[in-house]
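Here's the structure we're looking at; comments come further down.
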Amino acid sequence: MPPSLLPARATAHANIALAKYWGKSDIARNLPAVPSISLTLEELVTETEVCFEPRRKHDQLLLDGRRATAVETRRAAKLLDRVRAAAGIEHRATVTSTNHFPTAAGLASSASGFAALAAAATCATGRELDLTRLSALARRSSASAARSVFGGFVELPAGAPGEHGLAARPIAPPGHWDLRLVLAITAAGPKSVGSTEAMERSRTTSPFYDAWVASAPRWCDAVKRAIHDRDLELLGTAMEQSTLSFHCCAITSQPSTLYWSPATIAALQTVTDLRASGVPVWSTMDAGPHVKALCEAVDAPRVGNALKQTPGVLRVLFTTPGSGIEVSS
Ligand code: ADP
């Protein structure tokens, strides 16, 4: 095997959007319709190894210790095709990846999964890692993956791609603000409808989609200002509005995508009640039934205890601002 085709490993962390991404302006190029801002989370880790092999006939993806489905393998192969084209090689690859948290369940495994895959595959071809190009590459497979290339607070603009394609950029390092995102897990197993399908349903059928696209940049601006000023009330208020607005599009699409369970509503109510009792905490959700509560580090134990006692909440995970991708070969 030529030295440039040695196996390579990458680690990436999932991220949760504080100003949400929902909907595409260009499906073929996977361009987001709205700008978004996220927090990369140290505790949600994906580890991926890629090995290009001269004798392999098809790409193979082993995900969480099982052979991936045809759809999952095809999605990974599309990213590998772009890496092969850039490197001028034809070799198929064996990809072995583990998400150390639930896959396809609304905890952003696609973000860390495609960021780790982009990094490991690029490194396995012996090419230099340029983080902006890597972010643009990951974004082609999953827009939120563009943000997981970087640590801390990260922005993904909407609009026309730049010279190397549309990429995310870091706006503040993990140490900028010692926040906690407390995750209330309200269901086991994968979610009912994948994010890609659900956002496309929203775009094509929800009567509120255009209002969402028009409003999202305002919340994004507020979130950015709040991060700069470490203003949790401004951040939390904009984050909740952004979250409820994109879920409004999902719920009012045809057929409706309702990710919420009774436990989801109970957990949202717990956060509202905590806030009414004087704890500065705000909630967000992604495409899935789980509730994520954002607060200062000092309040996290109280928020976690309240969520643990909420009917239907299965378990609680405490997450902290995390780092960007790391590679090794
Ligand atoms: P989630 O909320 O976990 O991001 P999605 O439905 O948006 O759920 O995306 C899940 C899909 O992302 C998986 O079905 C698979 O295609 C892909 N994926 C997740 N993790 C990985 C990984 N580690 N490597 C490659 N692809 C992955």
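The values are calculated or read from the model by the stated rules, or taken from the named source; none is laboratory data. Keep in mind that what you see is a predicted model, and the values were worked out from it rather than measured. Counting neighbours? That spans all protein chains shown, and the Cβs are built from the backbone with ideal geometry, glycine included. Surface accessibility is based on the protein's heavy atoms, side chains included, excluding ligands, DNA and RNA. Shrake-Rupley method; radii C 1.70, N 1.55, O 1.52, S 1.80 Å.
A few comments on the model shown:
- Of residues in region 36-65 being open to solvent by 70 Å² or more (accessible area, probe 1.4 Å) and within 12 Å of the ligand (Cβ to nearest atom), the one farthest from the chain's Cα centre (by Cα): 65
- Among the candidates 244, 268, 234, 274, residue that is outside the structural domain of residue 103 (by TED's automatic domain parsing), in contact with a Ser or Thr (Cβ under 6 Å, 6 or more places away or on another chain) and in a helix (DSSP H, G or I): 268
- Residue ID - surrounded by the fewest Cβ atoms within 10 Å (Cβ to Cβ), chosen from residues in region 255-283 that are of a type in the set (Ser, Thr, Tyr) and in contact with a Gly (Cβ under 9 Å, 6 or more places away or on another chain): 261
- Residue within region 91-105 that is surrounded by fewer than 24 Cβ atoms within 10 Å (Cβ to Cβ), more than 12 Å from the ligand (Cβ to nearest atom) and part of a loop (DSSP other than H, G, I, E, B) present: yes
- Region 137-175, subset within 11 Å of the chain's Cα centre (by Cα) and of a type in the set (Ser, Thr, Tyr), residue farthest from the ligand (Cβ to nearest atom): 148
- Within region 66-90, if we keep just the residues that are of a type in the set (D, E, K, R) and touching a residue at least 40 places away in the same chain (Cβ under 8 Å), the residue that is most open to solvent (accessible area, probe 1.4 Å) turns out to be 78.
- So residue 125, is it farther than 21 Å from residue 168 by Cβ, within 9 Å of the ligand (Cβ to nearest atom) and in contact (Cβ under 8 Å) with a residue 40 or more places away in the chain: no
- In region 186-197 there is no residue matching the filter, namely being among the hydrophobic types (A, V, I, L, M, F, W, C) and at pLDDT 95 or above.
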